[in-house]
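For reference, the structure discussed in these notes is given below.
The values are calculated or read from the model by the stated rules, or taken from the named source; none is laboratory data. Keep in mind the model is a prediction, meaning the values are calculated, not measured. Virtual Cβ from ideal backbone geometry, glycine too; neighbours counted across all protein chains shown. Quick note on the areas: whole protein, heavy atoms, side chains included, nothing else; ligands and nucleic acids left out. Shrake-Rupley method; radii C 1.70, N 1.55, O 1.52, S 1.80 Å.
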Amino acid sequence: MNLADKDRRYVWHPFTQMRDWAAAEPLIIARAEGNELIDVDGRRYLDGVSSLWVNVHGHHRRELDDAVRAQLDRVAHSTLLGLANVPSIELAERLVQIAPPGLARVFYSDSGSTAVEVALKIAFQYQKQRGRAEKSKFLALTDAYHGDTVGAVSVGGIDLFHEIFHPLLFHVLRVEPKIDALERMLAAHAHELAAFVVEPLVQGAAGMLMQPPGFLRAARELCTKHDVLLVCDEVATGFGRTGTMFACEQEAVAPDLMCLAKGISGGYLPLAATLATEAVHAAFLGKYEQKLTFFHGHTYTGNPLACAAGIASLDLFEREHVLEKLQPKIARLHARLDERIAPLSRVVEVRRRGFMVGIELGPYAYEQAIGARVCADVRKRGVILRPLGNVIVLMPPLSITDDEIDRLVDATRASIVEVCGA
Ligand SMILES: Cc1ncc(COP(=O)(O)O)c(C=O)c1O
């Protein structure tokens, strides 16, 4: 059996109809350089979605490779249950330094979903332990996406992915991202709400939906007024993706809990963190026998290799002025989208914030799998993209060059024209 046959024989791929997969030739990545992935036959592909929204500084970055190797020479893993380790301490300090003000404590886990699960459980237990047990429900946005574990799915609202699991989920109140709707919802339900959970500025998996300006700021003020915790899920938006280190900064918002994953390790290793304020953390302090402890933890929490990558990534942000250098790249990307993509007849809308871009095609029925077809075509042009239904997502690494931005947009345009007509 060759590698492709073995993949088809043994591997169950996520979010993938395996009958179609079995009939197709898998693209097998063997290595990578900069912003390109390289397959087993040596063909190069521009990584147009940052390997599912995680890669920040490019692949095979010497500084990140060196940091992980150096850590490997010390220790690959030791637990945070009852022990501490060097990189997890150093990264926690760095995260608190760059996070919105007030976030003071770092609880590690290993994926975006677990970062959200942790936030939900902390919020729930926090309310109980400060004597407000009746505040036990969650409010989330319509079309929210917070991951695929059962708690994250409960606060999520994407029926295509999650409808079948409804009997497993807990009840969540739902609101559209509109200030007046949120105001009414909180006025009516704050007494029973532990927290409002929100993807700040951009709802990624919903198809790159942009929130109205001022919504996040209003959410912060309304949550404070109504004594409801604000949980910002920065799993997708964090680490520069919207043009600032965190999306919250753009509306001067400091949440009570913030979920980080994806770009936290530069896109190198599975790592996540849930940041909490001192006030939230304080509700978990008490005598051993009071059982106020947060009884939650994942085996690989605070993994030293992943944390070493995270520190090296933040070093690169600082040393290379990544966020400053990003601004002209964002301007270039947006200008190219306006010139080359927006005028196409089957492009309904080009939504963008920083390096998070959604190109909606339409009108097309689900069965037409238009996004998948465009992404299959663009692969022939040496670019990797992954759609969300009828929406083509572009989310390149922050390290993408000007020439690569042009290549990305030109290939996307050519594929839309090829598949949808001019
Ligand atoms: C906003 C948001 N939260 C949570 C997640 C889940 O992250 P993970 O896939 O690492 O569990 C995602 C993944 O796309 C996300 O976009």
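For Glu163, the conditions (1) surrounded by fewer than 16 Cβ atoms within 10 Å (Cβ to Cβ); (2) in contact (Cβ under 8 Å) with a residue 40 or more places away in the chain all hold with the exception of (2).
Scanning the stretch 99-120 for residues that are over 17 Å from Tyr300 (Cβ atoms) and either assigned to a strand (DSSP E or B) or at pLDDT below 95 (or both) yields Leu103, Ala104, Arg105. Within the stretch 101-125, the residues that satisfy the criterion of being away from the ligand (no atom under 16 Å from the Cβ) and in contact with a helix residue (DSSP H, G or I) (Cβ under 6 Å, 6 or more places away or on another chain) are Ala104, Arg105, Val106. Listed by position, the strands (runs of 3 or more DSSP E) inside the stretch 339-422 whose residues that are among the charged types (D, E, K, R) and surrounded by fewer than 23 Cβ atoms within 10 Å (Cβ to Cβ) number at least 2 are 347-353.
Would you be able to say whether some residue in the stretch 382-393 is over 25 Å from the mean Cα position of the chain (by Cα) and within 30 Å of Arg61 (Cα to Cα)?
No, the conditions are met nowhere in the stretch 382-393.
Within the stretch 108-147, how many residues turn out to be open to solvent by less than 50 Å² (accessible area, probe 1.4 Å) and touching a Ser or Thr at 6+ places or on another chain (Cβ under 9 Å)? Residues meeting the conditions: 18. Look at His298 and say whether it is assigned to a helix (DSSP H, G or I) and open to solvent by 30 Å² or more (accessible area, probe 1.4 Å). Considered against the rule, which asks whether it is assigned to a helix (DSSP H, G or I) and open to solvent by 30 Å² or more (accessible area, probe 1.4 Å), His298 comes out as no. Looking at the stretch 1-98, the strands (runs of 3 or more DSSP E) lying wholly inside it that each contain 1 or more residues that are of a type in the set (Lys, Arg) and open to solvent by 30 Å² or more (accessible area, probe 1.4 Å) sit at 29-33, 44-47.
Here Leu3, Leu37, Leu52 are screened, and the one residue that is touching a residue at least 24 places away in the same chain (Cβ under 8 Å) and within 20 Å of the chain's Cα centre (by Cα) is Leu52. One residue alone among Gly243, Gly238 is within 16 Å of the ligand (Cβ to nearest atom) and either in a loop (DSSP other than H, G, I, E, B) or not aliphatic (A, V, I, L, M) (or both), and that residue is Gly238.
Scanning the stretch 126-138 for residues that are within 16 Å of the ligand (Cβ to nearest atom) and either out of contact with any Pro (no Cβ under 8 Å at 6 or more places or on another chain) or outside any loop (DSSP other than H, G, I, E, B) (or both) turns up at least one hit. Restricting Glu289, Glu278, Glu320 to those that are more than 20 Å from the chain's Cα centre (by Cα), under 19 Å from Gly263 (Cβ atoms), at pLDDT 95 or above and of a type outside the set (Ser, Thr, Tyr) reduces the list to Glu320. Just one of the listed residues (Met258, Met208) is over 23 Å from Gly151 (Cβ atoms), crowded, with 20+ Cβ neighbours inside 10 Å and at pLDDT 95 or above, and it is Met208. Give the residues of the stretch 142-160 that are closer than 13 Å to Ala206 by Cβ and more than 11 Å from the ligand (Cβ to nearest atom), sorted by residue number. The answer is Thr142, Asp143, Gly157, Asp159, Leu160. All conditions but one from (1) open to solvent by less than 50 Å² (accessible area, probe 1.4 Å); (2) among the charged types (D, E, K, R); (3) touching a residue at least 60 places away in the same chain (Cβ under 8 Å) apply to Glu192; the one that does not is (3). Considering only the stretch 139-164, state which residues are modelled with pLDDT of 95 or more, more than 18 Å from Gln211 (Cα to Cα) and not in a loop (DSSP other than H, G, I, E, B). The answer is Val150, Gly151, Ala152, Val153, Ser154.
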